[in-house]
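The structure appears right after this line, and notes come after that.
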């Protein structure tokens, strides 16, 4: 009889300490939030796998979200991230309660992963169309106005400078840049977390083919959309080698806070274009990038626990993210129209929308919308110029936000 | 509205950010437009030279070749065609020109060795 009692007590203890037991016991406080977040995580996994929504990042982010919302008896042992800044990590480390996710997130908080991803991005990017037509830089710059439009919107909605900067950078349409800025600006006192920014950024990047075309058609005429552009001049190997060196020097001398992102982007590109370190270039594009993407996605997703994600501020971020993308597209197209006028009709304004740095999706959207008017019109390579210029532009904008936002008192 | 950051600071960051982004990228436009100009100037003298594409039977020998040119052409053609034969396509050698020799054969061999796979 005593054995049965002890057996039953052991079973009860296991049930109470299980995730289900903890969730039920705390249902009115955190339990329902965990349940909702598990549902959101499953939805994002579905979108990543079945609908192809930026699966490389969204799948690990969604799974990190799922892991972070599995309830544990002792919250210190769960798989969410347990700190918000480096001093917080140091304190946690001293207690010895550091988990796998805590260690992986250190690379995000210390600003290591995003520049390493940019190393791979640079190794994969051909800046030839941009070098052949440097005017594309203007379109890359124009699309970054969306970042600052969202910044104003965030300020209007009551966010502080650090939060507004993190929200605004979503408009750069560049996942690593958004995570880099958010991880440097947001802290334990912020009303939003890095995971919220990442989920919004990658979700909207996947929706570029839906968001951009209506704005592009609204702001352009049929005649403008039908413009066939001249073939790009050939670009020499020397130019392609000098490009990353010069961009790094120019940008870093003017804006040192952008040096980390731009420098790694250009190092990757130099490795690709030099032709003498082919093995390093292949590693940067493949193995290194894949490893970093896994660690970044999983740990960033793990910051989206229920209490930090299920709040009104998240809805505001989602709305502002859409606003940022729309404004970036609109300003890119508007500057494209200005260039169309100044060049006597030689530039198709549709390539302006590719200034958002969702490479190569935004360039493909320009190509697709252009072909709707003129099936023989191939805008893809022309649109790649502003598209890759946008990557540099968003990194510069990130540098500005990192430099100015921490120094702003209300 | 503007409870987290004042309207003045919001406009300051917005205006500064837009101006700095445009200025940096304008500077890059100027630098790379000059690139384009230099490469146009550099390519102009070459345009004046006659095209060297000729059928194999009429290839003109390079000025520095001292030995039997027909034999050299045959050897180079055979080596090139052997290298390209794996894809099953037919090739014809139309022109053979001496390269500019920017890199010595030793340097090229070193690079090839560095880029070879670990597993070989």
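Here, each number is a calculation from the coordinates, and none is a lab measurement. Remember, it's a predicted structure, so these values are computed and weren't measured experimentally. Every residue, glycine among them, receives a Cβ derived from its backbone with ideal geometry; neighbour counts consider all protein chains shown.
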Quiz item: On average, how many beta carbons from a partner chain sit within 10 Å of the beta carbon of a residue in A:397-408?
Solution: 4
Quiz item: Rounded if a/c is under 1.5, else prolate if a/b is larger than b/c, else oblate: which is region A:351-397, with a ≥ b ≥ c the root eigenvalues of its Cα gyration tensor?
Solution: prolate
Self-check item: Helix-only mean residue ellipticity at 222 nm for the protein assembly as shown, each DSSP H run of n ≥ 4 adding -39500 (n - 2.57), per residue, nearest 500
Solution: -21500 deg cm²/dmol
Quiz item: Sorted by mean Cβ packing within 10 Å, highest first, what order do the peptides A:261-270, A:311-320, A:296-305 take?
Solution: A:296-305, A:261-270, A:311-320
Practice problem: Note down the nm distance, to one decimal, between modelled labels 7 Å out along Cα→Cβ at residue A:56 and at residue A:294. | Solution: 1.5
Self-check item: Sequence ranges A:189-197, A:213-221, ranked by mean other-Cβ count within 10 angstrom, highest first
Solution: A:189-197, A:213-221
Quiz item: Taking the highest mean first, how do the peptides A:222-233, A:103-114 order by number of other beta carbon atoms within 10 angstrom per residue?
Solution: A:103-114, A:222-233
Quiz prompt | Peptide-level mean, for A:158-169, of C-beta atoms on other protein chains within 10 Å | solution = 3
Practice problem: Find, to one decimal place in angstroms, the Kirkwood hydrodynamic radius of region A:18-92, where the mean of 1/r is taken over every pair of different Cα atoms and then inverted. | Solution: 13.5
Quiz item: Separation of region A:1-29 and region A:370-388 by C-alpha centroid, Å?
Solution: 62
Quiz item: For region A:54-109, what is the convex hull volume of its Cα atoms per residue in Å³?
Solution: 74
Quiz item: Quick one: if you stick a label point 7 Å off each Cα along the C-beta vector at residue B:42 and residue A:46, how many nm between them?
Solution: 5.6
Quiz item: Length gain on complete extension for the stretch residue A:223 to residue A:7, per 0.36 nm per residue less the alpha carbon to alpha carbon distance?
Solution: 69.7 nm
Quiz prompt | Centroid-to-centroid separation of region A:325-355 and region A:228-293 [C-alpha atoms, Å] | solution = 25
Exercise. Would you mind calculating the relative contact order of region A:62-161 from Cα pairs under 8 angstrom and at least 6 residues apart, reporting the percent as a whole number?
Key: 14
Practice problem: Would you calculate the volume per residue, in Å³, of the smallest convex hull containing every Cα atom of region A:128-182? | Solution: 71
Practice problem: Starting from the Cα gyration tensor of region A:188-237, take the square roots of the eigenvalues, sort them a ≥ b ≥ c, and report rounded, prolate or oblate (rounded when a/c is under 1.5, otherwise prolate if a/b is larger than b/c, else oblate). | Solution: oblate
Quiz item: GNM on chain A, C-alpha springs below 10 Å: top fluctuator among A:35, A:341, A:14?
Solution: A:14
Quiz item: What is the Cα centroid distance between region A:51-66 and region A:154-208, reported in whole angstrom?
Solution: 17
Quiz item: Kirkwood Rh, region A:92-134, all Cα pairs: how many Å?
Solution: 13.1
Practice problem: Put one equal scatterer on each alpha carbon of region A:231-366, apply the Debye formula with no solvent term, and list log10 I(q)/I(0) at q = 0.17, 0.20 1/Å to two decimals. | Solution: -1.29, -1.29
Quiz item: For region A:145-292, what value does the Rg/Rh ratio take when both radii are computed over Cα atoms and Rh is the Kirkwood radius, given to two decimals?
Solution: 1.04
Quiz item: At what distance in nm do the modelled label points of residue B:78 and residue B:3 sit from each other, each positioned 7 Å from its Cα along Cα→Cβ?
Solution: 8.7
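Could you work out, residue by residue across B:6-12, how many beta carbons of other chains sit within 10 Å of that residue's beta carbon, and then give the average as an integer?
5
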Practice problem: For chain A, just run the numbers: alpha carbon Rg, then divide by 2.2 N^0.38 Å, N being how many residues it has. | Solution: 1.07
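Pairs of alpha-carbon atoms within less than 8 angstrom and 6+ residues apart define the contacts here; what relative contact order does chain A have, in percent?
This gives 27 percent for chain A.
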